[in-house]
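Heads up, the thing below is written out as structure tokens.
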Amino acid sequence: MTDDRHDTADIDERTQRELTQLADGRLRGPKRLALEARISSEPRLADALERQRVATIALRTLELEVPAALRARVEAERRRLSAPARRRRLTIAGGLATATVAVAALFAVMVLPTGSGGPSVDEAARLAASPATQATVAVDQSNPKLLAAASDGVPFPNLEGEFGYREAGARGDDLDGRHARTVFYERGGRRISYTIVAGEAIEQPPGARTRTIKGVEFASFEADGANAVTWQRAGHTCVLASREASDEELVELASWTGKGSVPF
């Protein structure tokens with residue numbers, strides 16, 4: 001029998017990632033509209049989306065059927081295989097009728113390429129426990145609501161006047177080939193890290209709690225005992241993390257625009 005499905009092998013990784021996000025409901029706004037327009041005119045993208053939706057439904061169903069220990073091992077293997085040199089394309093076949101097939105399908109879903117072969121927001125959040133390696137950063141004299149520091153053109157906010165958080169040093173790191181700059185802030189024994197990662201946006205961590213404020217989606221999660229929130233500013237991923245500040249406080253800090261002075 002001839003397989004009349006369209007060839008999806010040459011779909012670029014960014015589009016694959018957006019198809020995954022569209023299938024599970026995480027792709028929103030202009031990116032969703034743009035991808036849906038492409039899908040309507042490119043049958044191969046429609047085929048790829050259908051396969052990913054089957055995979056997403058299978059995974060959600062199997063979360064109740066597969067032991068947590070197995071899921072943990074599969075997730076670890078997925079992360080190992082997501083390195084650029086080891087990526088491979090897998091497809092999800094139908095017929096998820098038995099538990100044996102279900103476990104195999106779960107493994108296949110978990111190792112599908114989703115653009116995770118780069119830095120993760122968890123890595124950025126872990127910088128909250130790292131020391132500052134650079135001197136304190138001055139306030140931007142032309143705009144007192146910003147600091148004279150930026151990452152990939154995205155400036156850091158000055159949180160002292162509005163929230164009492166004084167800038168307390170900075171550091172630069174390489175996260176899987178991406179430059180990440182972090183500025184630390186302190187207030188009354190509380191310390192927070194504000195990291196901006198260069199390059200295109202990074203996916204939110206699975207299971208993150210999301211909320212939308214003024215059209216911007218903020219995703220809260222935990223990383224090594226620290227509360228963290230991630231969102232996008234000017235197309236770049238920002239991560240605010242702290243072992244002392246609450247999730248609510250971090251979201252308030254992250255969503256502060258300084259009446260338009262902090263670019264989003």
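Nothing in this text is a laboratory measurement; each read-out follows from the coordinates by a stated rule. All values derive from a computational prediction rather than experimental measurement. When we count neighbours, we look across all protein chains shown, and the Cβ atoms used for this are built from the backbone with ideal geometry, even at glycine.
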Inset, instruction - Indicate the gyration tensor shape class of the range 121-254 (rounded, prolate or oblate), computed on the Cα atoms with a ≥ b ≥ c the square roots of the eigenvalues: a/c under 1.5 is rounded; otherwise a/b larger than b/c is prolate and the rest oblate. - result: rounded
Inset, instruction - Based on other C-beta atoms within 10 Å, arrange 236, 179 from fewest to most. - result: 179, 236
Legend entry - All lysines inside 25 Å of residue 31 as judged from Cα atoms, apart from same-chain residues fewer than 8 positions distant: 214
Legend entry - Hits among aspartates and glutamates - C-alpha to C-alpha of residue 259 under 12 Å, sequence gap 8 or more where chains match: 162
